[in-house]
Amino acid sequence: MKTLTLTLDSASYPIMIDAGLMKGVAALLKKENLGGRYVIISDSTVAKLYGTDLEQSMKKEGLDVSLLSFPAGEEHKHLKTYTALQEQLFELGCDRSTTIIALGGGVVGDVAGFVAATYMRGIPVVQIPTTLLAMVDASIGGKTGVDLETGKNIVGVFHQPRMVLIDPEVLGSLEADEIKNGLAECVKHGCIADVTLLDFIESKMDAFFAGNASVLAELIVRNCSIKVDVVMQDEKESGIRKMLNYGHTFGHALEVSRGYATISHGAAIALGMVVAARLSVSVGRLSKLECDRQIALLERIGFKITLADDSVEDIIKLMKKDKKMIDGALKFVLLERLGKVDLDVAVTDADIAAVMRGMA
Ligand code: NAD
């Protein structure tokens, strides 16, 4: 078992990573004694795969637990799902002694975290991520929320979990496309903070897709360490935490313009990182050689790097509505070199249009 600790002024919590951990979750929760009752929130896919078993094992430990689920998919990360879950909690008679268990990918983590943050003005949440993307990124750092049809992650709050419990073995049931999506966020971490992580991803690619548990566990630990380090320095994203948005300004706009059900978050971020890397070259920061290395890695993971069907004008308009605008200017997280970012770099519409047209 590898345990990392995320310490903030407001909270401190463990991130436990261990193959087979899922089997011990019920006993762990009983020992931690977080609340009088528990509600597992999951999506329709993960509820069937792991939710019912977790519920049963918690009951066996004598814990009072219920399981709620909503349809899988980013298109369900919206206010209607959030409201329905709040009403179900109230119907169940949940009060402030209830603890939410967020069991699923990043969508479940964000929705269930937001439900926990606001139900009766805030109750505890334990994150149990089940996708690679959620293990290496979404489950850590306390960002919770939902999308609007017109804007990604627009409604939400910070609400740190009490614990993050990661079992790399559950990745065994994940589709290869979801491994790809998780690797996109790993590439992000390598690009912004640790070039040796990129070396690792390049050298172990086959092992990730073959489901090699120990290599995946090492990947998860390395990525969680980067995220923990950044969040500990800047919980509410007033400075350095913005680096985690590398590729996201463009990626979020792409998710909205193509439609949440059409492009995955990971694929959108992969394309967003290519745009950001090319912008970094065009404004005279990153070398072309390093930009090409990032693109080659994303292509090797399996992402198709093309913006042939996307409207430059629509995407720029959407980015201008994004919450990362400051004083009306589009600001990007760009790369100085692989492993080192430049925050808040103002970029002109013409620069963005030129990069996008180069990817058509
Ligand atoms: P997801 O939650 O939609 O999961 C992808 C698919 O995998 C779903 O269909 C799900 O049912 C299925 N699934 C999950 N675990 C499985 C398993 N073990 N076996 C089989 N199928 C499984 O998508 P995601 O990529 O995990 O998360 C993307 C979301 O995360 C986006 O909404 C993004 O905005 C958010 N995110 C949040 C943060 C944060 O800091 N809060 C950071 C990064 C991303």
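Throughout, read-outs are computed from the coordinates displayed, never taken from laboratory work. Predicted model only: the values in this text are computed from it and were never measured. Cβ placement follows ideal geometry from the backbone for every residue including glycine, while neighbour counts extend to all protein chains displayed.
Tabulated data for the structure shown
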| item | result |
| --- | --- |
| Matching residues in the range 24-44 - criterion: being within 16 Å of the ligand (Cβ to nearest atom) and free of Cβ contacts under 8 Å to residues at least 40 places away in the same chain | S44 |
| Residues within the range 250-264 that are surrounded by 24 or more Cβ atoms within 10 Å (Cβ to Cβ) and either closer than 22 Å to D229 by Cβ or of a type outside the set (A, V, I, L, M) (or both), tallied | 4 |
| Residue match in the range 48-57 (condition: among the acidic types (D, E) and near the ligand (Cβ under 9 Å from one of its atoms)) | no |
| Among (1) over 17 Å from the mean Cα position of the chain (by Cα); (2) outside any helix (DSSP H, G or I); (3) closer than 26 Å to T3 by Cα - the single one E237 does not satisfy | (1) |
| Residue tally, condition near the ligand (Cβ under 9 Å from one of its atoms) and among the hydrophobic types (A, V, I, L, M, F, W, C), over the range 104-134 | 6 |
| Answer residue from the range 115-136, given it is polar (S, T, N, Q) and within 16 Å of D43 (Cα to Cα) and is surrounded by the fewest Cβ atoms within 10 Å (Cβ to Cβ) among those | T131 |
| Filtered residue count, the range 236-287, keeping only those that are under 19 Å from D344 (Cβ atoms), in contact (Cβ under 8 Å) with a residue 60 or more places away in the chain and touching a Ser or Thr at 6+ places or on another chain (Cβ under 7 Å) | 0 |
| Residue tally, condition crowded, with 23+ Cβ neighbours inside 10 Å and either of a type in the set (D, E, K, R) or more than 9 Å from the ligand (Cβ to nearest atom) (or both), over the range 164-183 | 6 |
| Check on V230, part of a helix (DSSP H, G or I) and either within 18 Å of the chain's Cα centre (by Cα) or of a type in the set (D, E, K, R) (or both) | yes |
| Hits in the range 18-40 (condition: in a strand (DSSP E or B) and of a type outside the set (S, T, Y)) | R37, V39, I40 |
| Strands (runs of 3 or more DSSP E) wholly inside the range 82-158 containing at least 3 residues that are hydrophobic (A, V, I, L, M, F, W, C) | 98-104, 125-129, 151-158 |
| Residue match in the range 184-196 (condition: free of Cβ contacts under 8 Å to residues at least 60 places away in the same chain and within 15 Å of the ligand (Cβ to nearest atom)) | yes |
